[in-house]
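Notes to accompany the following structure.
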Amino acid sequence: MTQAFDVVIVGAGMVGAALATGLGRSGFRVGLVDQGAAPSYDAAQPPDIRVSALSAGSERYLTELGAWPDILAMRATRYTRLAVWDETDHPLSNVLPRKIAEVVFDARNLSARHLGHIVENCITQQALWSSASAQPSVTLFSGHAVTSLSNSDDNATVMLDDGTELTGELVVGADGANSGTRNLAGIGVTRDQYQQQAMVISVRYQGPVQDITWQGFYPSGPRAFLPLHAAGNGESWASLVWYDSPEELARLKSLDNSVLMAEIQNAFPPELPLLTHIDARASFPIARQHAKNYVNNRVVLVGDAAHTINPLAGQGVNLGFQDARCLQSVLREARRAGCDLANPARLDQYEQQRRPANRRMMLAMDVFYHLFSNRTPPLHLLRNLGLGAAKAMPFARNRVAKYAMGIDDELPPVIRQLAERLPGFKQL
């Protein structure tokens with residue numbers, strides 16, 4: 001059996017479901033395919049260990065899609081401040097305080113109500129599945145994998161594991177970093193594995209929900225605190241991120257909860273509230289990956305299928321939402337002009353807009369990674385000068401904040417200037 005659509009989207013994660021919703025709201029016939037079942041939400045369950053820091057720009061996009069009210073009705077934690085500091089060893093550590101430099105980004109300085117929201121990935125995905133399913137022109141094929149792809153001059157067709165064929169003018173790969181769609185389309189990637197891995201720990205702490213997310217830097221890697229919602233009985237939830245060597249994280253994962261909790265309280269900065277429970281933990285490797293092309297004939301990539309970045313600031317999904325928003329705008333213009341949706345000139349507009357923007361964010365994350373995750377004295381001095389400059393110059397600090405919030409698309413000069421001093425800058 002063959003079913004015809006304007007666009008077939010493979011992958012109904014946050015980015016794929018957002019794109020399906022946006023196109024459906026514009027009247028496109030969309031086939032949305034995902035191997036998984038519909039996500040579920042239970043307010044009584046502990047938070048999903050996978051969370052994202054959704055920027056103000058992503059919040060606007062999700063509002064346009066009609067999904068943001070559903071997210072707020074479930075769970076989302078607003079933060080108004082973001083703190084960054086350096087706690088690494090220093091040649092003058094016997095003279096200088098341990099916290100060499102600290103910068104705090106505050107929404108009030110930007111005339112904003114908040115900097116963003118911390119939201120569990122499953123909640124964002126569920127809200128977007130609901131909004132996509134509500135579009136009459138969107139058909140969801142859940143629980144099915146794509147087994148083959150035909151990418152011809154006339155149309156693109158995917159075969160599902162039950163023998164169903166879905167054909168369209170365009171196939172969009174939104175199926176993650178290990179994208180099968182990308183592989184079937186013959187699109188290669190460049191990949192750089194970082195030396196560190198990341199361990200995510202879901203915890204409860206004593207006290208009310210905090211409005212600040214922070215990140216302290218060490219030679220072995222950053223340690224971060226992301227506030228979540230109230231847990232009751234005077235406690236609140238949070239997500240902790242601990243970057244370190246694979247060997248150290250394997251040791252930490254082997255500890256029982258009471259010992260791990262003691263290690264966390266000792267290793268994290270004193271700003272960490274008193275922990276009361278550990279509820280979940282997981283670790284994963286981190287890498288920078290970029291597709292060599294976003295487009296091959298009638299196949300186009302979005303989100304992690306096109307690019308993955310260092311998760312230092314949780315910007316990956318925000319970049320993916322920007323991809324989706326850009327692509328749906330390009331496709332709407334193609335439809336308005338009566339063009340084929342796979343018109344090369346139109347799809348080139350998408351790649352020319354998104355590839356440089358994604359590279360800029362990759363660069364920004366690598367600046368922080370290379371500056372802070374080492375004990376090299378010149379880089380140590382450079383990063384402290386950079387943090388000191390950001391602290392002393394509100395304009396520079398606010399430019400960085402607006403970039404992270406998705407308000408300003410240009411890479412702030414302070415980051416580019418630091419990047420130009422890094423070894424291997426031209427390869428970033």
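Restricting attention to the stretch 261-285, the residues being assigned to a helix (DSSP H, G or I), hydrophobic (A, V, I, L, M, F, W, C) and either under 10 Å from Val203 (Cβ atoms) or open to solvent by 40 Å² or more (accessible area, probe 1.4 Å) (or both) number 3. Pairing each residue of the stretch 156-184 that is touching a residue at least 12 places away in the same chain (Cβ under 8 Å) and of a type in the set (Asp, Glu) with any residue that is open to solvent by less than 30 Å² (accessible area, probe 1.4 Å) and part of a loop (DSSP other than H, G, I, E, B), provided the two are 6+ apart or on different chains, yields C-beta distances under 7 Å for Asp161/Ala145; Glu169/Asp6; Glu169/Arg298; Glu169/Leu341; Glu169/Ala342; Asp175/Gly11. Go over the candidates Arg325, Arg336 one by one and state the one that is buried (at least 19 other Cβ atoms within 10 Å of the Cβ) and over 13 Å from the mean Cα position of the chain (by Cα). Result of the check over Arg325, Arg336: Arg325.
Being assigned to a helix (DSSP H, G or I), open to solvent by 40 Å² or more (accessible area, probe 1.4 Å), over 21 Å from Pro46 (Cα atoms) and not hydrophobic (A, V, I, L, M, F, W, C), is that true of even one residue in the stretch 298-305? Within the stretch 298-305 (the criterion being assigned to a helix (DSSP H, G or I), open to solvent by 40 Å² or more (accessible area, probe 1.4 Å), over 21 Å from Pro46 (Cα atoms) and not hydrophobic (A, V, I, L, M, F, W, C)), the answer is yes, since at least one residue qualifies.
Scoring Gly320 on the criteria (1) open to solvent by 10 Å² or more (accessible area, probe 1.4 Å); (2) part of a helix (DSSP H, G or I) leaves a single failure, condition (1). The residue pairs whose first member lies in the stretch 129-140 and is open to solvent by less than 50 Å² (accessible area, probe 1.4 Å), whose second member is at pLDDT below 95, and whose beta carbons are closer than 7 Å, counting only pairs six or more residues apart or on different chains, are Trp129/Ala38; Trp129/Pro39. Among all residues of the stretch 123-141, there is none that is at pLDDT 80 or above, outside any loop (DSSP other than H, G, I, E, B), in contact with a Pro (Cβ under 8 Å, 6 or more places away or on another chain) and under 26 Å from Gly216 (Cβ atoms).
Just one residue in the set Arg251, Arg288 is under 30 Å from Asn178 (Cα atoms) and not in a strand (DSSP E or B); that residue is Arg251.
Within the stretch 79-94, residues that are modelled with pLDDT of 50 or more reach partners that are hydroxyl-bearing (Ser, Thr, Tyr) with beta carbons closer than 8 Å, at six or more positions or on different chains, in the pairs Tyr79/Thr213; Arg81/Thr213; Leu82/Thr213; Ala83/Thr213; Glu87/Tyr218; Thr88/Tyr218.
The values are calculated or read from the model by the stated rules, or taken from the named source; none is laboratory data. Since the structure is predicted, the reported quantities are computational estimates derived from the model, not experimental observations. Cβ coordinates were reconstructed from backbone atoms using ideal geometry, including for glycine residues, and neighbour counts include every protein chain displayed. To get the accessible areas, we keep the full protein, side chains included, count just its heavy atoms, and leave off ligands, DNA and RNA. Shrake-Rupley method; radii C 1.70, N 1.55, O 1.52, S 1.80 Å.
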